[in-house]
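Values quoted throughout were computed directly from the atomic coordinates according to the rules given, and no laboratory measurement underlies them. This structure is a prediction, so every number in the text was calculated from the model and none was measured.
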Amino acid sequence: MIDIHSHILPGLDDGSDTMEETLGMVRQLYKAGFKTLIATPHVLEGNDSLSPEEILAATDQVSKQVAEAGIPVEILPGAENYIFPDLAKWVRQGKLLTLGNTGKYLLVELPMLEIPQYTEQVFFELQVLGVTPVLAHPERNKGLIDQPARLLEWAKNGVLFQLNFRSLSGRYGPQSQELAEIMLRSNLIHFVGSDAHRTSQKDSTYLEALQSVEEVVGEERFREVTLINPQTIIAGKPLPGEREYILNGPIKKKRMNRFWRFYKRLRGKEED
């Protein structure tokens, strides 16, 4: 599997503080089944914003340390870019790093409590440049929780969505959990990410959250959002085919505990 959203570069943002912590995070994600991680430190507008060169250098350093530690995980560069009006201008000037550094997909973050009025304009300007916006954890945005129909409009206009897979476990509250399930059942999630900022208290946390995702979407769609679509990003190619988007409400049910069966099947897939 491929995690397209993680904060594993030590000392660059509010994620990992040390290389030791980074290695602990990478080990946990590997045990959950991830073979590739895209490092996406926060990038904000301003003179002290992280540059692509800084991110590339830190990614290279982490890759070397991960290899020396004997962890068979590939580390790729990226960034989580906080939205601002001149975002597309910064991309054009080479000041922002795309996912996997392919120049094709940009991970964009909205403020948690609102949807800026310039959001659609920024999405459009990015697409004019040939860059596809990938919206990070939309299920956590209050504006989208209150107006989920806006997700349909954006999706139909080519915006892609990345789910924090722990949202489905209630990590970010019941409203985010409900929107996460709505988006999954509505075919509105294209990728998943851990959004990991530090090591988890339990090694099983990621596996349990991933199991919750698969229970909603099924095995085929689970493979699509955890492997096939992320592989497309890394290759810098467009996602295959077209899809219909219709909002479906969440299913209120008691989930069956199939954790160990899920774990054994997931670990048996060497191609992931």
- [ ] Calculate, in nm to one decimal, what GLU114 and ARG150 gain on full extension: separation in residues at 0.36 nm each, minus their alpha carbon distance.
- [x] 11.7 nm
Open item on the list: Under the rule of at least 5 residues apart or a separate chain, name every residue whose amide H is placed under 5 Å from the amide H of TYR105.
Closed with: LEU99, THR132
TODO: Can you check what the Kirkwood hydrodynamic radius comes to for the range 2-57, Cα pairs only, in Å to one decimal?
DONE: 11.9 Å
TODO: Under a 10 Å cutoff between Cα atoms, tell me which one of LEU99, LEU110, LEU29 has the largest fluctuation in the Gaussian network model of the chain.
DONE: LEU110
Open item on the list: Quick one: 3J(HN,Hα) in Hz for the range 136-141, Karplus 6.51/-1.76/1.60 with θ = phi - 60°, rounded, Gly and Pro as x.
Closed with: 6, 5, x, 5, 9, 8
- [ ] Taking every pair of alpha-carbon atoms in the chain, give the share separated by more than 35 Å as a whole percent.
- [x] 10 percent
- [ ] For HIS42, enumerate residues with amide H under 5 Å from its amide H, sequence gap 5+ or separate chain, H modeled in the peptide plane.
- [x] ASP14, GLU80
Task: Principal axes of the range 55-128: Cα extent on each, largest first, Å - done: 47, 28, 15
Task: Estimated vicinal HN-Hα couplings, Hz - the range 159-172 in sequence order (Karplus 6.51, -1.76, 1.60; Gly, Pro = x) - done: 7, 10, 10, 10, 8, 6, 5, 6, 4, 6, 8, x, 4, 9
TODO: Report Rg/Rh for the range 1-108, rounded to two decimals, where Rg is the Cα radius of gyration and Rh the Kirkwood radius.
DONE: 0.97
Task: Amide H within-cut-off set for GLU74, under 5 Å, with H built and near neighbours excluded - done: THR36, LEU37
TODO: Read phi for every residue in the range 65-81 and hand back ³J(HN,Hα) as whole Hz from Karplus 6.51 cos²θ - 1.76 cosθ + 1.60, θ = phi - 60°, with x for Gly and Pro.
DONE: 5, 5, 5, 5, 7, x, 9, x, 10, 8, 10, 10, x, x, 6, 9, 9
Open item on the list: Tell me the mean residue ellipticity at 222 nm calculated for the chain from its helices only (DSSP H runs of n ≥ 4, each -39500 (n - 2.57), averaged over every residue, nearest 500).
Closed with: -11500 deg cm²/dmol
- [ ] Determine the gain in length on full extension of the stretch GLU20-LEU56; use 0.36 nm per residue of separation and subtract their C-alpha separation, reporting nm with one decimal.
- [x] 11.0 nm
TODO: Starting from the Cα gyration tensor of the range 145-223, take the square roots of the eigenvalues, sort them a ≥ b ≥ c, and report rounded, prolate or oblate (rounded when a/c is under 1.5, otherwise prolate if a/b is larger than b/c, else oblate).
DONE: prolate
